[in-house]
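Chemist: Encoded as structure tokens, here's the structure I'll be asking about.
Rule-based calculations on the coordinates, nothing more; no lab input. Not measured: the values here are computed from a predicted model. Virtual Cβ from ideal backbone geometry, glycine too; neighbours counted across all protein chains shown.
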Amino acid sequence: MKTYPNSLFLFLSLFLFSCQSGRGKQAVQTAQDSAAVTDNPKDTVKSVAADAKTILLRKQVPVLCYHQIRDWKASDSKRAHDDIIPPANFKEHIKMLADSGYHTILPDQLYDYLVYGKKLPAKPIMITFDDTDLDQYTVGASELKKHGFKGVFFIMTVSIGRPRYMSKAQIKELSDQGHVIASHTWNHKNFAQFTDEDWDIQIDKPTQTLEKITGKKVQYFAYPYGVFKAANLHKLKEHGFKAAFILSTPMDEVNPLYTIRRIIDPGHYTAKNLYNSLQKSFNKKKIATATAAVK
Ligand SMILES: [Zn+2]
């Protein structure tokens, strides 16, 4: 009986100590969660959407952007070679990604990762194609298929069915194969110069056209020239888009989901150049935002 008060004291001390240290641990964990820890241990999707700051702090997923995939012509300007990648180089670059252990992801996966912290496969990457060029179907998609990759095709709807561009049937086929069909306006008008009626001409009508072709919702957008206007980003959400893609400029700090960064894989790059560029361009925990500097 004599030892009882001592034991009780010891018990209470241990209890209080462990409660406090437990609480301390929990507080640290909570701070880490809100500061952009990407992996949820149980791989469950958090039901609460992350705020802009949390999204900006998440590790960026590399996103590549391609335009034409063809051999260079004498008439091409040197500047155009950034946007024109010869098929041999393209094939080598895609093979390098596969050999390096990259796994392609699609926009819904990227969205769930950015907004809800959902886990992604190891070495995730997104491969995107702009402007509806036919060689993206003939060379691009067939090369991705060899490696079990899927891509995202940002379609400029005015070009559908024209010579050297994809047809409705080809776009439908890409969609049916599991690639994502997304919007790149009607005729490539600069988003920063949209008038009120352009929200119908450049946004709503192209969405309807693409949804009619694919039978699926169109929920992602890429800005022509990568140029956006911060004041109008919220309107994309109102017009049914979950996220939108720029090029390598800084993200918007209020609407980061509507300014997801991509880099162009220039035609003159070697596979090694591309690999290094991927490490450099997306490996920062936080890339400076510059809402004020946006055109
Ligand atoms: Zn474009």
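Chemist: Determine the gain in length on full extension of the stretch residue 200-residue 187; use 0.36 nm per residue of separation and subtract their C-alpha separation, reporting nm with one decimal.
Modeler: 3.4 nm
Chemist: What is the log10 of I(q)/I(0) for region 49-293, computed with the Debye formula using one identical point scatterer on each Cα and no solvent, at q = 0.10, 0.13, 0.16 Å⁻¹?
Modeler: Once normalised to I(0) and log-transformed, intensities are -0.44, -0.78, -1.24.
Chemist: Take peptides 74-80, 113-119, 189-195, 60-66 and line them up by average Cβ neighbours within 10 Å, highest first, as a rough protection proxy.
Modeler: Put in order of decreasing packing, that is 60-66, 113-119, 189-195, 74-80.
Chemist: Sketch the reach of a paramagnetic label on residue 164 as a point 7 Å from Cα along Cα-to-Cβ, and name the residues of region 127-146 whose backbone nitrogen lies under 18 Å away.
Modeler: It comes to 130-140, nothing else.
Chemist: Neighbouring Cβ atoms within 10 Å as the yardstick, rank 156, 96 fewest first.
Modeler: If I rank by nearby Cβ atoms, fewest first, I get 96, 156.
Chemist: Compute for region 53-179: radius of gyration divided by Kirkwood radius, i.e. Rg/Rh, restricted to C-alpha atoms, rounded to two decimals.
Modeler: Rg/Rh: 0.99.
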